[in-house]
Amino acid sequence: MHFGLTDEQQMIVDTVRSFVENEIYPHEDLVERTGEVPEEIAQDIKQKTIDLGFYACNFPESVGCAGLSHLEFALVERELGRGSMALNHFFGRPQNILMACEGEQVDRYLMPAVRGERMDALAMTEPGAGSDVRGMKCFARRDGDDWVVNGTKHFISGAEHADFIICFIATGEDQTPKGPKKRITAFLVDRGTPGFTIRNGYKSVSHRGYKNMVLEFDDCRLPYSQVLGEVDGGFEVMNTWLYATRITVAAMSVGRARRCFDYALNYAAEREQFGQPIGKFQGVSFQIADMITEIDAADHLTLASAWRLDENLPANREIASAKLYATEMLARITDQTLQIFGGMGLMDDFPIERFWRDARVERIWDGTSEIQRHIISRDLLRPLGA
């Protein structure tokens, strides 16, 4: 295993970091203040990403994209994590689950998505089904060649700007010794479909401008051609394409932690109390030492899990460990940075309080810390019969 970056990988890091610093940072205060990303700024970021050749860089060369490896894409997400999620959303990384498109779906959904002509979002969570995916109540029943859908999805990120949504919906139920077990199917649902409504969701203190939306289905009729993958094959599609999203969360957490740490380090060197920089005091300097150690550990854990995917090695436990450790590390780093800044850390003169607020959700979405611990422990104990 090689622990350094190749020249090409370093170029990816430098290019994306420069993009974030020059195209994302300047708009962050506006988005934080208004909770909105102006359309002209969104389109400017998208077009510059396309011009740079990074739009849909998580898709293979076979569909005209950069075809980055898992490791290279983790580096991209790490650098994007330094900036506002509301803004870097337009850097354009469509859900790679769209590679499951077949037939006319390729020209209708996959290709427009990777060209930046249509935007997508992913809908799984429901009011009664968060971590318990099989608890879904949003249901599609067969009616001739169509499916009729009723139910609700919530906490759907990106749906505000999406032209279509990839929705996971219950299509049946099996009785098992452990109780009912839902069969799940993935559907491609266009904005504007009769009976399908996208409305504003909850007001969140995390990631202002990156809104969560509510999706409502009221006798929404979908043709069979909008099934993604096989009927009742939603979990197979999910397991094939979605598990790596946890690497994205881990990588972005590392990037945000490094940006936050830069503030802590500089403040510790510049802020003076009792006639000397506060970094001279062991109470602060030891915190600085612990912070960078944790960040580096999370970074290596995350990149190693992505590397394992590229090497076709088992990676489920390693990905769960990366997501668990990196997100909890980010919480500690933002809290310690705020502590080093003291009262000023809570003021909006600095972005520290924003980093602190934004960090909280990372331990929840894309699988809570508890779910990651379950995955890790089962991977270790199951072979031993426990």
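Every number here is computed from the coordinates shown, using simple stated rules; none is lab data. All of these numbers come straight from a predicted model, not from anything done at the bench. Every residue, glycine as well, gets a Cβ built from its backbone with ideal geometry; the counts of neighbours run over all protein chains shown.
Of note:
- Given R0 = 35 Å, the distance between the Cβ atoms of residue 62 and residue 39 translates into a calculated FRET efficiency of 0.65.
- In terms of its alpha-carbon gyration tensor, region 7-95 comes out prolate; a/c meets the 1.5 threshold, and the first ratio a/b outweighs b/c.
- 3J(HN,Hα) along region 253-263, derived from phi through the Karplus expression 6.51 cos²θ - 1.76 cosθ + 1.60 where θ = phi - 60°, amounts to 5, 5, x, 5, 5, 5, 5, 5, 4, 4, 5 Hz, with x in place of Gly and Pro.
- Region 1-156 shape via C-alpha gyration tensor axes, a/c threshold 1.5: prolate
- Put simply, when 174-182, 149-157, 280-288 are sorted by average Cβ atoms within 10 angstrom per residue, most first, you get 149-157, 280-288, 174-182.
- Given R0 = 56 Å, the distance between the Cβ atoms of residue 150 and residue 21 translates into a calculated FRET efficiency of 0.75.
- For residue 316 and residue 240, the difference between the fully extended length at 0.36 nm per residue and the C-alpha to C-alpha distance is 26.2 nm.
- Per-residue ellipticity at 222 nm computed for the chain from its helices equals -13500 deg cm²/dmol, with DSSP H segments shorter than 4 residues left out and the rest contributing -39,500 (n - 2.57).
- Length-normalised contact order of region 242-384 in % [C-alpha pairs under 8 Å, at least 6 apart]: 31
- Total lysine pairs whose alpha carbons fall under 26 Å of each other in the chain (8 or more apart, or interchain): 18
- When the chymotrypsin sites (Phe, Trp or Tyr not before Pro) in region 1-82 are filtered for DSSP coil states and for at most 16 other beta-carbon atoms within 10 Å of their beta-carbon, the remaining sites are 3.
- For the chain, the relative contact order comes to 15 percent (Cα pairs under 8 Å, sequence separation of at least 6).
- Rounded if a/c under 1.5, otherwise prolate or oblate - region 76-204, Cα gyration tensor axes: prolate
- Taking only Cα atoms of the chain, radius of gyration then Dmax in Å: 21.7, 80
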